[in-house]
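All remarks here apply to the structure that follows.
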Amino acid sequence: MEHRPYPRFTVSAKCEKFLKSGHVWVYDNEIKDASPCEDGEIADVYSEKGKYLGSGFFNSHSKIRIRILSKDANCRFEDGSFFLRRISYAVDYRRTVMPGSDFDCCRLIFGEADGLPGLTVDRYGKILVAQCLCLGMDQRKEGIYRGLVEKLCSMGEEIEAIYERNDVTLRKSEGLTEYTGFFAGKGLRTDLPGKTVITENRLLYEVDYAKGQKTGFFLDQKYNRLAVGRIAKDKTVLDCFTHTGSFAMNAVLGGAKKATAVDISSDAIALARANAERNGIDRMEFVTADVFDLLTELYKTGSHPYDLIILDPPAFTKSGGTVRRAYAGYKEINLKAMKLLPRGGYLATCSCSHFMPQPLFERMLGEASADAGVQLKQIEMRQQAPDHPILRGVPETDYLKFYLFQVV
């Protein structure tokens, strides 16, 4: 191998196996030897036998000491062309898997899955919303943002602004500050109100990209909402943890008799109501309540008015240490929903935490159905939309489990 101009790090045999399996992170405790390296600089990673394993961003502040960018020993990074290629690949992929109007609102960059670690970029029409959780990417963001806008414009797409949602505590572990605001790039506006209206599945939503959750909207359930709509005709629907009212509205669009949207947050219910009004949907009602309590009360009173229940809770676990408690929470709401549904009713249920892997989630569903005295006839198992691609070997990118069942 020709001489490479990057600091050299030697890692353990365990890390070598980890990287060869497809993963792209080097943890601090796996480094055996290291050259001097500045935070944010690109470093080469080698096995203890001197085999090249990859190159990535170094950061002494993070437990993820090196985030791999490439495992190609011929890659060079000095002129920025590497990052422009990665941007081009990511955008071309979305144009393929999110055809037509779906490309107008989608995730353009999904961090490690697109070889751009720690970077998320969502598109809401003419607005891009970015979040960066990696020091090396943050240091190069100006060129990356410029390249992204130029790529989209070359395809005939118009971009007005980039808004940064860097209000995430994980930035502290990278030695980065938290902030939000418009990115002041050439030709980009910085005077917009922080809200926009998007179209998804023929439905209109107001997206508060400045103050809403995450980047303003959950794009990953787009096609799962359509799947619910396909089985909703003539059904009475209960949409739990509704947030924006999206599942309920897709159900009504699919022909549901009526949909009830429930959320513990009065702000979420106000948002769902406004979205329904925006779309001229009147076969909906809105309830501000704790879903756990509501399902219990409905069962106790013997009221079984719903033949399709949707469970789209927030992540009950965001670390390995809380999985047991999360398991109990998932089981409780699924058990209650199964008891509440009539035989022949339908259940849509999901988990958005990668700490709750598919086998564990399915075990929970099996226990819940056994305790409820029912069987689950699986219609389909789905995952996140393809603009949130799953990178094999990196389980963190494989996070959304979504099931449709008939309860028999």
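The values are calculated or read from the model by the stated rules, or taken from the named source; none is laboratory data. The structure presented is a predicted model; accordingly, all values stated were derived computationally and were not measured. Cβ: placed from backbone, ideal geometry, glycine included. Neighbour counts: every protein chain shown.
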Check: Regarding residue 140, is this residue surrounded by fewer than 24 Cβ atoms within 10 Å (Cβ to Cβ), touching a helix residue (DSSP H, G or I) at 6+ places or on another chain (Cβ under 9 Å), of a type in the set (Lys, Arg) and more than 21 Å from residue 398 (Cβ to Cβ)?
Finding: yes
Note to self: I need a count of the residues in the range 12-64 that are under 23 Å from residue 78 (Cα atoms) and among the basic types (Lys, Arg).
What the structure shows: 1
Note to self: Checking residue 45 against (1) under 22 Å from residue 144 (Cβ atoms); (2) at pLDDT 95 or above, only one condition comes out false. Which one?
What the structure shows: (1)
Checklist line | Residue selected from the range 358-382 under the condition touching a residue at least 60 places away in the same chain (Cβ under 8 Å) and surrounded by 13 or more Cβ atoms within 10 Å (Cβ to Cβ), by the criterion nearest to residue 324 (Cα to Cα) | finding: 382
Note to self: Return the residues of the range 149-171 that are acidic (Asp, Glu), in a loop (DSSP other than H, G, I, E, B) and within 16 Å of residue 108 (Cα to Cα); say none if nothing qualifies.
What the structure shows: 157, 158, 160
Checklist line | Unmet requirement for residue 129, which otherwise passes all of (1) out of contact with any Leu (no Cβ under 9 Å at 6 or more places or on another chain); (2) not in a strand (DSSP E or B) | finding: (2)
Note to self: For the range 172-186: of the residues being touching a residue at least 24 places away in the same chain (Cβ under 8 Å) and not in a strand (DSSP E or B), which is farthest from the chain's Cα centre (by Cα)?
What the structure shows: 186
Margin query: For the range 208-225, check the following and say yes or no: at least one residue is in contact with a Leu (Cβ under 8 Å, 6 or more places away or on another chain), of a type outside the set (A, V, I, L, M, F, W, C) and not assigned by TED's automatic domain parsing to the domain that holds residue 398.
Written below: no
Notebook entry, point to check: Can you pull out the residues in the range 283-325 that are closer than 18 Å to residue 271 by Cα and either in a helix (DSSP H, G or I) or in contact with a His (Cβ under 9 Å, 6 or more places away or on another chain) (or both)?
Noted result: 291, 312, 314
